[in-house]
Amino acid sequence: MTGTDTCDLAPLRPRLPSPLQEITDERFERLGVRLLLKRDDLIHPELVGNKWRKLAPNLATAVGRTVLTFGGAYSNHLRATAAAGRLLGLPTVGVVRGQELAGRPLNPSLARCAADGMRLHFVDRSTYRRKAEPETLAALLRAARAEDALVVPEGGSNTAAVRGCRALGEELGEHADVVALACGTGGTLAGLAAGLPPGRRALGIPVLKGGFLADDIRRLQDRAFGGPRGSWSLDGRFHHGGYARTTPELDSFADDFERRHGLPVERVYVAKMLHALLVLTQEGTFARGTTLTAVVTGRPFP
């Protein structure tokens, strides 16, 4: 294998650029805001949304190697990696947070990973938190019998992924004044902001508590581009209790949005972002005449 070898990604067959869909919603219209949806959920039936954008640049370098990555029991990233491995003929290992899960029946998400050929390796939560430390990572690779694996970080957010997500901003170009998306690890926002033209900005809605994401995004841009790129900001008020948590208010909003627009709304990320945009619009955050584009990064898991 040479340094120029790359994996053939043709079997993934993405739909790019993803479509833009205009939404007619009087709650936005009466305040002079035009709402578009960037349907990244339609890029690929199994590598949905930003999962394709972040995984494809990493998998291109796999060239027959095992791919090892990390996630929780309901991780969209683990499911996408497992599906990609099946489609590309690559072995995959998922390091799953929660040793206590090892003796239990697999939930539907992990069962899908296993059905796609992913070998699951459960670790205790303390070890999982230290997974980026070199010694801990080396021990995990040995325990998982994957010392030579290509390691992709949790959520897929690394330099290759951030550069891959720059295409999202380039696709949007002049179609939006403000581009909003829900954020977990920040890699998609870091790349999106870098790809937007001057005068356009990205708005991230974190789905986790903690207030750490801004520093992470700056670090990701430093590594990917050598410094800050684009205009971006975060609004951390809309996590609804933390990752994968919800509230009656959020469930009511998502149910109503589905009825109004016939669009299934994924609850962990997309619902929080769309709800935030409605609240921000009602607060007067966006001037009349603003074109607001919401990136739909996922869809409900059946």
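The values are calculated or read from the model by the stated rules, or taken from the named source; none is laboratory data. Every value quoted in this text rests on a predicted model; they were computed, and no experiment measured them. Heads up, the Cβs are rebuilt from the backbone with ideal geometry, glycines too, and the neighbour counts pull from every protein chain shown. For the accessible areas, the whole protein counts, side chains as well, though only heavy atoms, and no ligand, DNA or RNA atoms are used. Shrake-Rupley method; radii C 1.70, N 1.55, O 1.52, S 1.80 Å.
When you scan segment 76-84, do you find a residue that is of a type outside the set (A, V, I, L, M, F, W, C), within 17 Å of the chain's Cα centre (by Cα), under 23 Å from Val270 (Cα atoms) and modelled with pLDDT under 90, even just one? Yes, segment 76-84 contains a residue that is of a type outside the set (A, V, I, L, M, F, W, C), within 17 Å of the chain's Cα centre (by Cα), under 23 Å from Val270 (Cα atoms) and modelled with pLDDT under 90.
Can you find, within segment 88-111, the residue that is nearest to Thr297 (Cα to Cα) among those that are in a helix (DSSP H, G or I) and open to solvent by less than 50 Å² (accessible area, probe 1.4 Å)? So that I can check it myself, show each step before the final result.
Residues of segment 88-111 that are in a helix (DSSP H, G or I), as a first pass: 88, 99-101, 108-111.
Add one more test, that the residue is open to solvent by less than 50 Å² (accessible area, probe 1.4 Å), and what stays is 88, 101, 109-111.
Details: Leu88: 22, Leu101: 27, Ser109: 17, Leu110: 20, Ala111: 22 Å.
Taking the candidates together, the pick is Ser109.
Step by step: first the residues of segment 245-288, then only those that are open to solvent by 60 Å² or more (accessible area, probe 1.4 Å) and touching a Lys or Arg at 6+ places or on another chain (Cβ under 8 Å), then the one that is nearest to Val33 (Cα to Cα). Which residue is that? Per the stated criteria, the residue is Gln282.
Summed over segment 182-194, residues that are open to solvent by 10 Å² or more (accessible area, probe 1.4 Å) and either of a type in the set (D, E, K, R) or without any contact (Cβ under 8 Å) to a residue 40 or more places away in the chain (or both) total 2.
Checking each residue in segment 43-71 for being free of Cβ contacts under 8 Å to residues at least 40 places away in the same chain and either open to solvent by less than 20 Å² (accessible area, probe 1.4 Å) or part of a helix (DSSP H, G or I) (or both) picks out Ile43, His44, Leu47. Within segment 249-261, residues that are in a helix (DSSP H, G or I) sit with their Cβ atoms under 8 Å from residues that are open to solvent by 40 Å² or more (accessible area, probe 1.4 Å), at 6+ positions apart or across chains, in these pairs: Leu250/Arg267; Asp251/Arg267; Ala254/Arg267; Glu258/Pro264. Residues that are closer than 30 Å to Thr24 by Cβ, surrounded by 18 or more Cβ atoms within 10 Å (Cβ to Cβ) and not small (Gly, Ala, Ser) within segment 223-238 comprise Trp232, Phe238, listed in sequence order. Among the residues of segment 155-175, those that are closer than 19 Å to Asp222 by Cβ, in a helix (DSSP H, G or I) and not aliphatic (A, V, I, L, M) comprise Gly155, Gly156, Thr159, Arg163, Gly164, Cys165, Arg166, Gly169. Here is a check on your reading of the model: is Ala176 open to solvent by less than 10 Å² (accessible area, probe 1.4 Å) and under 24 Å from Ala56 (Cα atoms)? Against the criterion (open to solvent by less than 10 Å² (accessible area, probe 1.4 Å) and under 24 Å from Ala56 (Cα atoms)), Ala176 does not qualify.
Here Leu220 passes the criteria (1) of a type in the set (A, V, I, L, M); (2) surrounded by 22 or more Cβ atoms within 10 Å (Cβ to Cβ); (3) part of a helix (DSSP H, G or I); (4) free of Cβ contacts under 8 Å to residues at least 40 places away in the same chain except the one numbered (4).
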